[in-house]
1. Quick one: which residue in D119, D136 is at positive phi, touching a residue at least 40 places away in the same chain (Cβ under 8 Å) and not hydroxyl-bearing (S, T, Y)?
2. Quick one: in region 311-329, of everything that is out of contact with any helix residue (DSSP H, G or I) (no Cβ under 6 Å at 6 or more places or on another chain) and closer than 21 Å to A220 by Cβ, which residue is least open to solvent (accessible area, probe 1.4 Å)?
3. Could you tell me whether F308 is surrounded by fewer than 17 Cβ atoms within 10 Å (Cβ to Cβ) and either in contact with a helix residue (DSSP H, G or I) (Cβ under 7 Å, 6 or more places away or on another chain) or over 19 Å from W80 (Cβ atoms) (or both)?
4. So which residues in region 508-531 are out of contact with any Phe, Trp or Tyr (no Cβ under 7 Å at 6 or more places or on another chain) and hydrophobic (A, V, I, L, M, F, W, C)?
5. E98: touching a residue at least 12 places away in the same chain (Cβ under 8 Å), under 30 Å from S58 (Cβ atoms) and acidic (D, E), yes or no?
6. Can you pull out the residues in region 177-201 that are of a type in the set (D, E, K, R), outside any strand (DSSP E or B) and touching a residue at least 40 places away in the same chain (Cβ under 8 Å)?
7. Failed condition for K232, given (1) open to solvent by less than 20 Å² (accessible area, probe 1.4 Å); (2) closer than 25 Å to E122 by Cα; (3) in contact with a Cys (Cβ under 9 Å, 6 or more places away or on another chain), with all others met?
8. From L386, L446, which residue is surrounded by fewer than 21 Cβ atoms within 10 Å (Cβ to Cβ) and either part of a helix (DSSP H, G or I) or at pLDDT 90 or above (or both)?
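The values are calculated or read from the model by the stated rules, or taken from the named source; none is laboratory data. None of these values were measured; they are calculated from a predicted model. FYI the Cβ positions are ideal-geometry reconstructions off the backbone, even for glycines, and counts take in every protein chain you see. For the accessible areas, the whole protein counts, side chains as well, though only heavy atoms, and no ligand, DNA or RNA atoms are used. Shrake-Rupley method; radii C 1.70, N 1.55, O 1.52, S 1.80 Å.
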Amino acid sequence: MSKDPTKTNDEHVSTSQALDDEQRVKVLSPGQLVAKRFFRNRLAMVGLVILIVMFLFSFVGGMVSPYGESQVFRKQETTWKDYAGASYNDAYIFRTKEGMELPAAAQQKFILAVNKELDSFEAAGKTYGLEKMGDDFWVVSTEEPIATVLTLKGKSAYTESGSIPLTDEIKEGYEKAVAAGENRFEADGTEYSISKAGRQNQISVGGEIAVATKKIFNAASEDTAFSFEFEKEALLALENGESSFVCENEEFEIVIVDGEDAAEISQNGEIFGTVSTLMVSPQTKGNFLSLDFKEAVEKAILKKESTFTALNENGEEEIYQLQTKNTQYVIRNQQMTTVNRTFEAPSGKHILGTDGNGMDMLTRLMYGGRISLMIGFVVVIIECILGILVGGVSGYFGGWVDTILMRVVDVVICIPAMPLYIIIGSVMDYYKIDPRIRIYALCIILGLLGWPGIARMVRGQILSLREQEFMIATEATGIRVSRRIFRHLIPNVIPQLIVIATMGLGDVILMEATLSFLGIGVKFPYASWGNIVNAVNDIYVLTNYWFVWIPAGFLILITVLGFNFVGDGLRDAFDPKMKR
């Protein structure tokens, strides 16, 4: 076979038709070669698809979701709620006379005087007299001294004090009261009291201003109000065992019920009120409790019942619960109330159910993905910027600059990250930092502690690149230092940076999830996958409501896997030793 004289022996003609033959390699740029190797990696393609789906789910899903990130869903339901409280009264209750007052300081001094069995006491420069009318029943009166009396050998010497003159009628009334052993007398239509003042007796003038008792008066109707005289006369009748008493020319009957601790006061056959040691008060102000209801509560307490039936404010029979808390009693009834739809199982309206705050889980996961992915990218960008600056300067200049910057890197590496996160989180909790500001602070803190690894990698690459011919050429042409570093050296490190950044994104997302799970990361009402998983701190939620935490954990898992797959694919694609 004859040879073509126009062809030389040095020429080579390839007949291969494969895509990876030597002719094809000659026409592909380095970037195209990297992309070709990357897209041939099946795991890298799986990771890329996962990341695309996660970005669409987080950023597009939140926009098309019919619900808001912090929208709370509520419902109407009947629940047992506190309706009233009851307790047996063991403290004195003061009922003052119309137009009079007994200051708080005087009420406190009254307790001390009763405990010491005194018949008078002073408070705020005023003297008050005490008269015991029965068990836990006292009458308090004001006292103004008018004279002191010293009696020796049957003869009394009077010394005036105060502004009221001492008359013969007062002296006569005093002598008769002392002889009869009484501590009160009346003269000229005015009542006077006698009290001890050392070795002398003191004559004082005053009047009743209050009664102190441990009994509780309950009115039959909301419009009924008991006067001072009514309560005093009723208490006197009870102490004396009388079946009736007269007040303001009207007669009232008393009937003892439930032993001696409760009594009914009636007029003309109709119940006017009750007296008892049991105090029953409504939970809501302005809500009037009827006598029938209070009597039903007292009977239930005496019989130690857990439920009882009584008429409500509408006159209808209703079942009530009676619960005991130490010495207090709580009465509960069923009321219509608005509650959050917490921990609802997945349904057509809420595909993944609702969380502990009554918010849609699927929507929270979408917005949580935005926060987690945003934190990942912002932190990696901060790490790359700091790492490139420190590593580039250190690797290019070397010498004492390299030594100082690498010691700074060593110091940052030695900082205990987790304790620092906990301390900073506690400080932000103490000062109640806004949740959105916490997100930015979290990004900055994670970025400031994560750059040393990138700085070391950049420094090592630049140390090997700065001695090559193209760098000698840049120096010879007089290009400034900053341009040599960031225009000629750093671009040669970009492939390794891309790999490290891609694989580091997964680590940052895991760190954010860990911090949010510990309660020192993203705070409510903003959602992140980490603080959504935080619900498993409650063992009851962990075991009964899988839809609250498993989806968030699954999204963290596949997102981190996606970044790792893409990172591995990029590392293999940039590796020059890979087969073409």
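1. Numbers: D119 fails: at positive phi.
Only one candidate qualifies: D136.
2. Here the answer is Y320.
3. No; evaluated as a whole, the condition is false for this residue.
4. V508, I509, L510, M511, F517, L518, V522, F524, W529
5. Answer is no for this residue.
6. First, the residues of region 177-201 that are of a type in the set (D, E, K, R): 182, 184, 186, 188, 191, 196, 199.
Narrowing further to those that are outside any strand (DSSP E or B): 182, 188, 199.
Passing the criteria: only R199.
7. (1)
8. After ruling out the rest, the residue left standing is L386.
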